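Chemist: Structure provided below as C-alpha cells; questions to follow.
The values are calculated or read from the model by the stated rules, or taken from the named source; none is laboratory data. Worth saying up front: this structure is predicted, and the values here are computed from it rather than measured. Virtual Cβ from ideal backbone geometry, glycine too; neighbours counted across all protein chains shown.
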Amino acid sequence: MTTQQAPRTSSHSPSNSSVPLRSTPAFNALEEHCAKVRKLHLRQLFAQDPELGTARRPAHYLAIPPPLFETVIKELGAARLAENTRVIVEKPFGRDLASAKELNEVARSVFPEDSIFRIDHYLGKEAIMNILYFRFANSFLEPIWNGNYIASVQITLSEDFGVEDRGPFYESAGCLRDVIENHLFQLVALLAMEPHSDRDFGAVHRQKANVFRAMRPLTRDDLVRGQYAGYRNEPGVAKNSDVETFCAMRLFIDSWRWAEVPWCLRSGKYLADTATEILVELKAPPQRLVADSAPDTGRINYLRFRLSPNSAIALAARVKLPGKEFVGEQRELYLLEEQPGEEAPYERLLGDAMAGDGALFTREDAVEDAWAVVDPVLKTHHRVRPYRRGSWGPKEADTIIGSDGGWHNPVSTEASG
C-alpha cells in the first residue's frame, strides 16, 4: 500500500519551491500530523483504515518536495512506521554529493537498504529496459561493443517547451541536476556496463555502480551550459539567473572497454523538437577496400536507439548502388517497436517497489558515485550561453562534439527505412 501522494505538477519529479518550507502552512500541518502519528503504533494506525489493515509490507511513497525527505523519513522512524515497511523516494536524491550522502545516511538509519527504493520514472520506460535486453540477449553485439570498434556515443534528450510552471524548481536544480545527472547517466550505465554474472538485480546494480565509479570527474571545460531566450521572464525565475536550461557535456569512462571513447550528452528546454535518441557511431574499416567505405562527409556505420516519442532500433550500413561502379550509400535497417497498452512507468515502478523488486531502482553507492562525477562543476562552471527558442542550443555546444561527426539531431516524427 502507499501513503497519500502530494499533487504532481509535471511528468518530472514533484516541484520544489524557493519559499522556505518551514515557514509554510503545509509544513506546519505536516509537523502536526507527524506529532499525532508518532503516538500511534503501526498496527494501531492500520487498524484505523480497513484498507490497510491486512497489509504485510506497506510502502511510504514520498512524492513531496525534496527538502522534506529527511524530515519525513526521521518522523516515520520516530513513529515506528518504518517497521517491516518500504520507502519510495522521488528524485532528485540530493542536490550534490554531500547532500546525497547525508540523505542516504538518514534513510539507512531508519530503513534497511533493501527497503529503500530511489525512484527515477525514466527507468520504468519500456524503451529503456529494452536497451539492457538488447545488449545481453544478442551475441552479435558483444564483440564490437568496445573502443576498438566504437568511435563515440552521443545521447540527446530534447524538449520543445520551456519550464512552464516549474520556474522555482528549475532555479533550484537546472538541467544538469534535473536531467543529465540522473536520466542520461542511467542510460550511459546501461550502455556501458559489463555483463552481469547472474540474473538478480543486485548484479545489475553492481555493474552500473562500476560505470559511475569509472567516469572521469568533470571539469568546467567539459560542459556547455545554455539558457533559452526569455527564461528570466518566467514566473519564479530570478532576473539575473545563471541557471542552465540546456547542458551539453563530453564524458569519459576510464575502463578497459571504453578507454578514450567520448560520450557526448545533451539535454535542454525549448529545443527544436521533443525526442530522445542514442547514437553509437562505429569506426571506419581499417582499409579502404572500396572507395567510399569511409566517406568524407556524413557518418560511418552506426547503431541508433530511439527512445521517445516512440521506440525503435536502427542499424546504418553501406550498401552498393546498382551499376558497374563499386560505390554505395548509407541505409538504415529499421525496427519500429510499437507497444500498445504498455504499462506506464510509474505504474510499473510503484508496483515493483510494493513487491520488493529493486531491479529498476538506484542503489546507495550508485547515487553517490554519479554525484561525484558532476560535483566539481555544480559551482565551478562557465556562465550560461543564451540560445534561441526552437534551436538546438547555443552554438558553443558544437565544441563538445568536436571532430566526432557533429551532433545527431533527432526528430519527433520520422519514416522508417
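For every residue, the table says whether it meets (1) outside the structural domain of residue 115 (by TED's automatic domain parsing); (2) out of contact with any helix residue (DSSP H, G or I) (no Cβ under 9 Å at 6 or more places or on another chain); (3) surrounded by 13 or more Cβ atoms within 10 Å (Cβ to Cβ).
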residue: 311; (1), (2), (3): yes, no, yes
residue: 344; (1), (2), (3): yes, no, no
residue: 347; (1), (2), (3): yes, no, no
residue: 357; (1), (2), (3): yes, no, yes
residue: 364; (1), (2), (3): yes, no, yes
residue: 367; (1), (2), (3): yes, no, yes
residue: 373; (1), (2), (3): yes, no, yes
residue: 380; (1), (2), (3): yes, no, no
residue: 409; (1), (2), (3): yes, yes, yes
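Chemist: For segment 146-157, check the following and say yes or no: at least one residue is at pLDDT 90 or above, in a helix (DSSP H, G or I) and buried (at least 16 other Cβ atoms within 10 Å of the Cβ). Write out each step before concluding.
Modeler: Going residue by residue through segment 146-157, those that are at pLDDT 90 or above are 146-157.
Those still in the list that are in a helix (DSSP H, G or I) too: none.
There is no residue in segment 146-157 that is at pLDDT 90 or above, in a helix (DSSP H, G or I) and buried (at least 16 other Cβ atoms within 10 Å of the Cβ).
Chemist: Could you tell me whether any residue of segment 384-405 is within 30 Å of residue 102 (Cβ to Cβ) and surrounded by fewer than 18 Cβ atoms within 10 Å (Cβ to Cβ)? Steps first, answer last, please.
Modeler: Our first condition is that a residue be within 30 Å of residue 102 (Cβ to Cβ); within segment 384-405, this holds for 384.
Okay, now just the ones that are also surrounded by fewer than 18 Cβ atoms within 10 Å (Cβ to Cβ), so none.
The answer is no, given that none of the residues of segment 384-405 is within 30 Å of residue 102 (Cβ to Cβ) and surrounded by fewer than 18 Cβ atoms within 10 Å (Cβ to Cβ).
Chemist: Follow-up question, since we're still on this one. From the list 95, 108, 118, 135, which residue is of a type outside the set (S, T, N, Q), within 18 Å of residue 155 (Cβ to Cβ) and modelled with pLDDT of 90 or more?
Modeler: Values: 95 fails: within 18 Å of residue 155 (Cβ to Cβ); 108 fails: within 18 Å of residue 155 (Cβ to Cβ); 118 fails: within 18 Å of residue 155 (Cβ to Cβ).
Exactly one of 95, 108, 118, 135 is of a type outside the set (S, T, N, Q), within 18 Å of residue 155 (Cβ to Cβ) and modelled with pLDDT of 90 or more, namely 135.
Chemist: Another question, then. Does any residue of segment 348-368 turn out to be at pLDDT 90 or above and over 30 Å from residue 88 (Cα atoms)?
Modeler: Among the residues of segment 348-368, not one is at pLDDT 90 or above and over 30 Å from residue 88 (Cα atoms), which makes the answer no.
Chemist: With 194, 164, 171, 181 as the choices, which residue is in a helix (DSSP H, G or I), surrounded by fewer than 22 Cβ atoms within 10 Å (Cβ to Cβ), acidic (Asp, Glu) and out of contact with any Lys or Arg (no Cβ under 6 Å at 6 or more places or on another chain)?
Modeler: Working: 194 fails: in a helix (DSSP H, G or I); 164 fails: in a helix (DSSP H, G or I); 181 fails: surrounded by fewer than 22 Cβ atoms within 10 Å (Cβ to Cβ).
Result of the check over 194, 164, 171, 181: 171.
Chemist: In addition: Which one of 204, 224, 237, 243 is in contact (Cβ under 8 Å) with a residue 60 or more places away in the chain and over 18 Å from residue 178 (Cα atoms)? Let's see the steps before the verdict.
Modeler: On the way: 224 fails: over 18 Å from residue 178 (Cα atoms); 237 fails: over 18 Å from residue 178 (Cα atoms); 243 fails: over 18 Å from residue 178 (Cα atoms).
Sole residue among the options that is in contact (Cβ under 8 Å) with a residue 60 or more places away in the chain and over 18 Å from residue 178 (Cα atoms): 204.
Chemist: Going through 97, 157 one at a time, which residue ends up being within 28 Å of residue 243 (Cβ to Cβ), among the hydrophobic types (A, V, I, L, M, F, W, C) and not assigned by TED's automatic domain parsing to the domain that holds residue 224?
Modeler: Values: 157 fails: not assigned by TED's automatic domain parsing to the domain that holds residue 224.
Going through 97, 157 in turn, the sole match is 97.
Chemist: Now for a different question. I need every pair where a residue in segment 273-288 that is free of Cβ contacts under 8 Å to residues at least 40 places away in the same chain and under 16 Å from residue 405 (Cα atoms) has its Cβ under 7 Å from the Cβ of a residue that is among the polar types (S, T, N, Q) and assigned to a strand (DSSP E or B), sequence separation at least 6 or different chains.
Modeler: none
Chemist: (1) surrounded by 14 or more Cβ atoms within 10 Å (Cβ to Cβ); (2) outside any strand (DSSP E or B): which one isn't true of residue 298, the others all being true?
Modeler: Status for residue 298: all satisfied but (1).
Chemist: Within 18 Å of the chain's Cα centre (by Cα), surrounded by fewer than 21 Cβ atoms within 10 Å (Cβ to Cβ) and either under 30 Å from residue 82 (Cα atoms) or acidic (Asp, Glu) (or both): is that true of residue 142 in this structure?
Modeler: On the way: within 18 Å of the chain's Cα centre (by Cα): no; surrounded by fewer than 21 Cβ atoms within 10 Å (Cβ to Cβ): yes; either under 30 Å from residue 82 (Cα atoms) or acidic (Asp, Glu) (or both): yes.
Spelling it out, it is not the case that residue 142 is within 18 Å of the chain's Cα centre (by Cα), surrounded by fewer than 21 Cβ atoms within 10 Å (Cβ to Cβ) and either under 30 Å from residue 82 (Cα atoms) or acidic (Asp, Glu) (or both).
Chemist: Oh, and also: Tell me, which residue of segment 303-327 that is of a type in the set (Gly, Ala, Ser) and assigned to a strand (DSSP E or B) is modelled with the lowest pLDDT? Can you show your working first?
Modeler: At the first step, the residues of segment 303-327 found to be of a type in the set (Gly, Ala, Ser) are 308, 311-312, 314, 316-317, 323.
So of that shortlist, the ones also assigned to a strand (DSSP E or B) come out as 308, 311-312, 314, 316-317.
Details: 308: 91, 311: 91, 312: 92, 314: 94, 316: 91, 317: 87.
Filtering first and then ranking leaves 317.
Chemist: Taking segment 177-195 only, how many residues are touching a helix residue (DSSP H, G or I) at 6+ places or on another chain (Cβ under 6 Å) and either closer than 21 Å to residue 67 by Cα or without any contact (Cβ under 8 Å) to a residue 12 or more places away in the chain (or both)?
Modeler: Count: 2.
Chemist: Which residues, counting only those in segment 250-290, are part of a loop (DSSP other than H, G, I, E, B) and within 28 Å of residue 320 (Cβ to Cβ)? Give the derivation first.
Modeler: Taking segment 250-290 and keeping what is part of a loop (DSSP other than H, G, I, E, B), we get 252, 254-262, 269-270, 272-274, 283-290.
Of everything in segment 250-290, those that are part of a loop (DSSP other than H, G, I, E, B) and within 28 Å of residue 320 (Cβ to Cβ) turn out to be 283, 284, 285, 286, 287, 288, 289, 290.
Chemist: Which of the residues that make up segment 98-136 are among the hydrophobic types (A, V, I, L, M, F, W, C), surrounded by fewer than 19 Cβ atoms within 10 Å (Cβ to Cβ) and in contact with a Pro (Cβ under 9 Å, 6 or more places away or on another chain)?
Modeler: Once the filter is applied, which keeps residues that are among the hydrophobic types (A, V, I, L, M, F, W, C), surrounded by fewer than 19 Cβ atoms within 10 Å (Cβ to Cβ) and in contact with a Pro (Cβ under 9 Å, 6 or more places away or on another chain), segment 98-136 yields only 136.
Chemist: From 365, 375, which residue is closer than 30 Å to residue 85 by Cα and under 22 Å from the mean Cα position of the chain (by Cα)?
Modeler: Numbers: 375 fails: closer than 30 Å to residue 85 by Cα.
Selected residue: 365, the only one of 365, 375 that is closer than 30 Å to residue 85 by Cα and under 22 Å from the mean Cα position of the chain (by Cα).
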